[in-house]
Amino acid sequence: MSEFSNWDIIYNLLMAARWTVLLSLTAFVLGGLVGLLLLMARTAGGAWVKGLVRCYVELFQGTPLLMQLFIVFFGLPLIGLDISPWMAAMLGLTLFTSAFLTEIWRGCVEAIGKGQWEASTSLGMKFTQQMRYIILPQAMRIAVPPTVGFSVQVVKGTAVASIIGFVELTKAGTMITNATYAPFTVYGFVAVMYFLICYPLSLFAGYLEGKFRHVAR
Amino acid sequence: MSLVELHAIHKSFGELQVLKGINLSIDEGQVIALIGKSGSGKSTLLRTINGLEVIDDGAIIVDGKKISDRDADLLGLRLQVGMVFQQFNLFPHYTALENVMLSPQVVKKQSKADARKVAEEMLIKVGLADKMMHYPDQLSGGQQQRVAIARALAMKPKVLLCDEVTSALDPELVNEVLAVVRQLAEEGMTLVMVTHEMRFAREVCDKLVFMHQGRIHETGDPEEVFASPKTPELSSFVGGLA
Ligand SMILES: Nc1ncnc2c1ncn2[C@@H]1O[C@H](COP(=O)(O)OP(=O)(O)OP(=O)(O)O)[C@@H](O)[C@H]1O
Ligand SMILES: [Mg+2]
């Protein structure tokens with residue numbers, strides 16, 4: 001058994017933390033895009049489309065993230081699609097993120113008064129123009145705190161990817177613990193690293209909130 | 001030929017019949033006051049003229065062209081008919097100038113410079129030359145409503161609809177908004193306004209339309225109608241105001 005110094009531990013954890021960051025970013029960006037499309041469908045679509053989006057959201061909100069990952073990772077191979085842990089984690093987290101963001105943003109869009117829709121309609125704007133110039137800019141301001149709050153959940157959620165063998169921060173922590181028999185030290189470092197990823201997100205939220213000052217009372 | 005003609009307009013919300021066959025023609029340059037009790041259908045009628053409510057039956061004819069309920073027609077209708085709301089409904093995240101510039105740019109695809117020129121002109125017209133860079137929450141109610149009027153005017157509508165544009169204002173701010181409306185009337189703008197300002201209606205409007213239970217109950221010259229209402233309903237409505 002080789003000797004691990006604290007620096008070795010930190011170095012190895014940092015290498016793995018890159019994957020945590022990458023997974024979080026990918027899930028958040030892709031989930032945000034899918035979430036935006038679902039939000040449009042949910043806002044503008046017919047009864048059928050709205051119902052489908054609602055089911056989608058309920059499905060992901062009503063089951064543990066871990067189960068969603070298992071179903072993607074073990075389910076897709078059953079229909080002949082072999083999938084790497086990275087792909088499974090990314091796909092699972094993207095779906096999970098999109099469902100939650102759709103729901104968070106829907107609340108923000110609905111918080112924008114009917115008068116804003118009517119005024120912009122009366123000026124001849126179409127739905128996409130109203131969304132782009134009137135509704136989303138205002139909804140975004142309200143959406144910043146819950147969205148950033150949720151991005152922290154995504155970062156912490158990436159830890160479940162360790163269960164399907166994807167080597168991110170938590171999995172690396174487990175592996176190093178198995179080699180060093182120093183769980184307290186290792187997981188202490190792991191926790192600090194999660195904190196260092198998440199804390200700036202909260203600071204960023206505060207900054208963004210200050211940026212758009214003028215919104216509906 | 002009238003600028004806008006309404007033929008037998010019907011509109012229901014579920015079981016509730018709100019407009020029960022409205023016939024009205026609006027001539028170019030005419031200033032029409034729409035009065036009536038709460039719930040008589042005044043706002044609903046205005047909203048159908050702007051396409052905010054789709055009618056169940058009847059016809060809206062603008063400049064001799066019948067408006068169908070297809071989206072393209074409704075968009076076209078809104079380009080010709082502007083609307084000002086009781087609650088102003090300014091876009092809070094844009095300055096006064098941006099509020100007025102937005103639609104000409106986005107809907108009419110005007111260049112930024114052109115849109116800005118028109119917007120400045122309109123804001124000057126409503127007396128807000130010094131407030132262009134202010135956000136709505138930095139303006140008084142009267143100023144906000146004047147921005148809303150400028151915003152509607154910047155689209156160069158043929159008709160401007162005003163739904164109780166002074167009802168949400170503190171009494172001391174009512175006059176500055178009415179002055180702008182009066183000026184528009186004098187310049188020949190075609191106006192249809194729902195109002196409770198009877199003195200203003202009398203002085204400024206050419207035609208008074210009294211709505212009662214979803215129908216046009218009485219109409220005529222404001223002076224005459226106020227002096228000698230023909231129906232007991234209008235009589236009691238006018239009496240109730242005095
Ligand atoms: N979107 C809607 N859904 C259901 N009912 C509606 C809707 N809009 C208006 N109504 C009803 O239609 C009737 C007429 O409303 P409208 O707003 O046209 O009246 P109004 O004459 O403008 O009254 P007020 O003077 O109070 O503004 C009312 O009974 C109102 O409750
Ligand atoms: Mg009304």
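Throughout, read-outs are computed from the coordinates displayed, never taken from laboratory work. The structure presented is a predicted model; accordingly, all values stated were derived computationally and were not measured. Neighbour counts run over all protein chains shown; Cβ positions are idealised from the backbone, glycine included.
Among B:ILE55, B:ILE49, B:ILE22, B:ILE35, which is the only one that is within 16 Å of ligand 1 (Cβ to nearest atom), more than 14 Å from chain A (Cβ to nearest Cβ) and within 21 Å of B:GLN145 (Cβ to Cβ)? Answer to the selection: B:ILE35.
Hey, does segment A:116-127 have a residue that's under 22 Å from the mean Cα position of the chain (by Cα) and either aliphatic (A, V, I, L, M) or within 14 Å of chain B (Cβ to nearest Cβ) (or both)? No, segment A:116-127 contains no residue that is under 22 Å from the mean Cα position of the chain (by Cα) and either aliphatic (A, V, I, L, M) or within 14 Å of chain B (Cβ to nearest Cβ) (or both).
For segment B:155-167, state whether one or more residues are within 16 Å of ligand 2 (Cβ to nearest atom), within 18 Å of the chain's Cα centre (by Cα), among the acidic types (Asp, Glu) and within 14 Å of another protein chain (Cβ to nearest Cβ). Yes, segment B:155-167 contains a residue that is within 16 Å of ligand 2 (Cβ to nearest atom), within 18 Å of the chain's Cα centre (by Cα), among the acidic types (Asp, Glu) and within 14 Å of another protein chain (Cβ to nearest Cβ). Screening the candidates B:GLY41, B:GLY51 for the property of being surrounded by 23 or more Cβ atoms within 10 Å (Cβ to Cβ) and in contact with a helix residue (DSSP H, G or I) (Cβ under 8 Å, 6 or more places away or on another chain) yields one hit, B:GLY51. Using the structure shown, decide if A:ARG141 is within 13 Å of chain B (Cβ to nearest Cβ), closer than 20 Å to A:TYR207 by Cβ and part of a helix (DSSP H, G or I). Yes; evaluated as a whole, the condition is true for this residue.
Checked against (1) surrounded by 21 or more Cβ atoms within 10 Å (Cβ to Cβ); (2) within 16 Å of ligand 2 (Cβ to nearest atom), B:VAL225 meets all criteria but (2). Restricting the first member to segment A:54-78 and to residues that are touching a residue at least 12 places away in the same chain (Cβ under 8 Å), and the second to residues that are in a helix (DSSP H, G or I) and acidic (Asp, Glu), the beta-carbon pairs closer than 9 Å and six or more apart or on different chains are A:VAL57/A:GLU103; A:GLN61/A:GLU103.
Within segment B:79-98, the set of residues being more than 16 Å from ligand 1 (Cβ to nearest atom) and either over 18 Å from the mean Cα position of the chain (by Cα) or more than 20 Å from A:ARG141 (Cβ to Cβ) (or both) comprises B:LEU79, B:GLN80, B:VAL81, B:GLY82, B:PHE91, B:PRO92, B:HIS93, B:TYR94, B:THR95, B:ALA96, B:LEU97, B:GLU98.
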